[in-house]
Amino acid sequence: MGRTGPHRDPELTAKILASTHELICTKGPRAVTINEIAAHAGVGKQTIYRWWPTKASVVIDALEQQFASDNPFPTTGSAKDDLRAQMRAVARTFSSPTGSMIRELVAQSQGDPALADDLRTRFVAERRSGGATALRAGIDHGQIRADLDIEIALDLLYAPLWMRMLLGHQPLDEPSVDAIVDQVWPALAA
């Protein structure tokens, strides 16, 4: 999470992150202030600043917490089915208020190098790590090629979802996810 500073109270942390997520999804990241987050969570703004150095830090932690809980990687034993289920969950999230928040943060990050770095190193890297773990499990179970370039495979699978969320040029629904998986899977399969 954002900062390792003084010991965080888990209940207060959860309350602050839930308040942040709710406000950001309602008003957008740019419109929300630390004062509003503090008031909504029932804490002093100094508590937030003690645990997070910037508004962007608390926003990314709120996003990370919500995204992780909404998009777990299933482990059914079928790598293809697990990828499909997880990508469907990502598509649902990208089509929700959380997706709008992500879209706005990506736009804002284009002019804010610190935010762009935070998004890459904390949010995107965590998502890619989970995807890499799922692909390695498929390799270990003999369902995915052992010589697979995992980074390229992640791009092939998830870039269409990001493009559809950011640009809105194609549907972002279960049939489109299924089509992506069905097109990419032959390149991954053992």
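Here D81 fulfils each of the conditions (1) over 19 Å from G130 (Cβ atoms); (2) modelled with pLDDT of 90 or more apart from (1). When T75, T47 are screened for being under 30 Å from A187 (Cα atoms) and over 15 Å from the mean Cα position of the chain (by Cα), only T75 passes. Among the residues of the range 83-127, those that are over 25 Å from P175 (Cβ atoms), surrounded by fewer than 19 Cβ atoms within 10 Å (Cβ to Cβ) and not hydrophobic (A, V, I, L, M, F, W, C) comprise E104, Q108, S109, Q110, G111, D112, P113, D117, R120, T121, R122, E126.
Checking each residue in the range 20-64 for being part of a loop (DSSP other than H, G, I, E, B) and either touching a residue at least 12 places away in the same chain (Cβ under 8 Å) or surrounded by 15 or more Cβ atoms within 10 Å (Cβ to Cβ) (or both) picks out G28, P29, R30, V32, T33, G42, V43, W52, P53, T54. Evaluating V181 against the criteria (1) free of Cβ contacts under 8 Å to residues at least 24 places away in the same chain; (2) over 28 Å from S57 (Cβ atoms) leaves one unmet condition, (1).
Within the range 131-149, the residues that satisfy the criterion of being surrounded by fewer than 17 Cβ atoms within 10 Å (Cβ to Cβ) and closer than 28 Å to S100 by Cα are A132, T133. The condition of being buried (at least 20 other Cβ atoms within 10 Å of the Cβ) and over 20 Å from the mean Cα position of the chain (by Cα) holds for L188.
Looking only at the range 116-146, which residues are assigned to a helix (DSSP H, G or I), of a type in the set (G, A, S) and within 22 Å of L188 (Cα to Cα)?
A125, S129, G130, G131, A132, A134, A137, G138
A residue that is assigned to a loop (DSSP other than H, G, I, E, B), without any contact (Cβ under 8 Å) to a residue 12 or more places away in the chain and not small (G, A, S) can be found somewhere in the range 5-19. The single condition among (1) out of contact with any Asp or Glu (no Cβ under 7 Å at 6 or more places or on another chain); (2) in a helix (DSSP H, G or I) that R84 does not satisfy is (1). Could you tell me whether T75 is in contact (Cβ under 8 Å) with a residue 24 or more places away in the chain, under 30 Å from I144 (Cβ atoms), out of contact with any Gly (no Cβ under 6 Å at 6 or more places or on another chain) and β-branched (V, I, T)? Spelling it out, T75 is indeed in contact (Cβ under 8 Å) with a residue 24 or more places away in the chain, under 30 Å from I144 (Cβ atoms), out of contact with any Gly (no Cβ under 6 Å at 6 or more places or on another chain) and β-branched (V, I, T).
The values are calculated or read from the model by the stated rules, or taken from the named source; none is laboratory data. Everything numeric here is computed off the predicted structure, so don't read it as measured data. When we count neighbours, we look across all protein chains shown, and the Cβ atoms used for this are built from the backbone with ideal geometry, even at glycine.
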